[in-house]
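Quick notes on the structure that follows.
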Amino acid sequence: MNKHQIDQFWKKGFVVVESVVHKELIEEANRVLRSLIGASRKVKSSDTIYDLSDQHNDRVPSVRRIKDPHSVDPIFDKIMRSKEILNCVRALLGPNLRMEHSKLNIKQANGGEAVEWHQDWAFYPHSNDDILEVGVLLEDCHEENGPLLMIPESHKGPVENHHHPEGFFCGAIDIEKALFDPKKAVSLTAKAGAITMHHVRMIHGSRSNQSNRNRPILLIGYSAADAWPLRGISSIEEFDGRLICGQSQLPRLEKVPVRMPYPPAPDQGSIFENQRLVAGKSFQ
Ligand SMILES: O=C(O)CCC(=O)C(=O)O
């Protein structure tokens, strides 16, 4: 990553870096993904690995997401720890890094669902906001595939309301009440092997996939090791087990705006299910 890209990330809140992940790793990830989608034919409803869309059936599998891909197959763990990606993340967040989560969003061909505008920070506020999301493009991503959309500089703004009028967290911003201007959106299109990086407070979303090709993106959340989650940790072993490089750190407190994602939706599910409850939708 060069200085211009580093400056762009901090100024605009996102950046695309081309040709980061080696072709062989991308090919292997796609081979594994095809086999996971094939195996989903036997799966009837969403489980600990698959987030399935309503249309899913054994003839035409429709997988929205592979959950925690780094623990489903070693190739995703290998990509997450690859020095090419870690060098980019370290250039922004420093040497001590923890994995926050991983997920593989497929956005299936011919109608893979939109993701409503949201800030990741609304889901997992921390003691400081040195946290970002890397998106590894497993295939070329064009405008018609439903690329990630970013609102430049929104990472410096407020935390928008992600709650339903009835008071529970639904993980999406009601566009009728939004404080940002959706016309400012920028699409992150790029070739397979590129990575997108966006700040944890960045407002982002994506349209549905209107093409006849999937739009698989491996999303990995990395945080500075001194960013501690305000929702707490399940155990120190689990927390320290997610250290990717450098050393565990005591929490660093910064004056950051936060909202808490409570109470949860009555029937809390994946982001795709919870966002259905938002009153003012941006993408149909
Ligand atoms: O897959 C996408 O287009 C958006 C994903 C996203 O923002 C999320 O899963 O939080």
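Have a look at ALA227, ALA265 and point out the one that is within 16 Å of the ligand (Cβ to nearest atom) and either part of a loop (DSSP other than H, G, I, E, B) or loosely packed, with under 13 Cβ neighbours inside 10 Å (or both).
On the way: ALA227 fails: within 16 Å of the ligand (Cβ to nearest atom).
So the residue among ALA227, ALA265 that is within 16 Å of the ligand (Cβ to nearest atom) and either part of a loop (DSSP other than H, G, I, E, B) or loosely packed, with under 13 Cβ neighbours inside 10 Å (or both) is ALA265.
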Self-check item: Criterion (closer than 22 Å to TYR262 by Cα and either surrounded by fewer than 21 Cβ atoms within 10 Å (Cβ to Cβ) or more than 16 Å from the ligand (Cβ to nearest atom) (or both)) met by exactly one of GLY193, GLY157
Solution: GLY157
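Does GLY241 satisfy the criteria of being surrounded by fewer than 18 Cβ atoms within 10 Å (Cβ to Cβ), on the phi > 0 side of the Ramachandran plot and out of contact with any helix residue (DSSP H, G or I) (no Cβ under 8 Å at 6 or more places or on another chain)? Walk me through it before giving the result.
Values: surrounded by fewer than 18 Cβ atoms within 10 Å (Cβ to Cβ): yes; on the phi > 0 side of the Ramachandran plot: no; out of contact with any helix residue (DSSP H, G or I) (no Cβ under 8 Å at 6 or more places or on another chain): yes.
No, not satisfied.
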Quiz prompt | Filter result (in contact with a helix residue (DSSP H, G or I) (Cβ under 6 Å, 6 or more places away or on another chain) and near the ligand (Cβ under 10 Å from one of its atoms)) within region 85-106 | solution = LEU104
Quiz item: Which one is nearest to the ligand (Cβ to nearest atom) among residues in region 128-138 that are crowded, with 19+ Cβ neighbours inside 10 Å and in a loop (DSSP other than H, G, I, E, B)?
Solution: LEU138
Quiz item: Tell me, which residue of region 107-126 that is buried (at least 19 other Cβ atoms within 10 Å of the Cβ) and assigned to a loop (DSSP other than H, G, I, E, B) is nearest to the ligand (Cβ to nearest atom)?
Solution: LYS107
Exercise. Looking at (1) away from the ligand (no atom under 16 Å from the Cβ); (2) at pLDDT below 95, find the lone condition where SER282 falls short.
Key: (1)
Quiz item: Do we have ARG34 as surrounded by fewer than 14 Cβ atoms within 10 Å (Cβ to Cβ) and either basic (Lys, Arg) or closer than 19 Å to GLY221 by Cβ (or both) here?
Solution: yes
Self-check item: Members of region 209-224 found to be closer than 21 Å to ASP51 by Cβ, modelled with pLDDT of 95 or more and more than 10 Å from the ligand (Cβ to nearest atom), listed by number
Solution: SER211, ARG213, ASN214, LEU218, ILE220
Quiz item: GLU166 passes all but one of (1) buried (at least 17 other Cβ atoms within 10 Å of the Cβ); (2) assigned to a loop (DSSP other than H, G, I, E, B); (3) not basic (Lys, Arg); which number fails?
Solution: (1)
Quiz item: Cβ-Cβ below 9 Å, separation at least six or inter-chain, first residue in region 2-28 and aromatic (Phe, Trp, Tyr), second in a helix (DSSP H, G or I): which pairs?
Solution: PHE9/ALA91; PHE9/LEU92; TRP10/LEU92; TRP10/HIS155; PHE14/GLN8; PHE14/HIS155
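The values are calculated or read from the model by the stated rules, or taken from the named source; none is laboratory data. The structure displayed is predicted, hence computed values, not measured ones. Every residue, glycine as well, gets a Cβ built from its backbone with ideal geometry; the counts of neighbours run over all protein chains shown.
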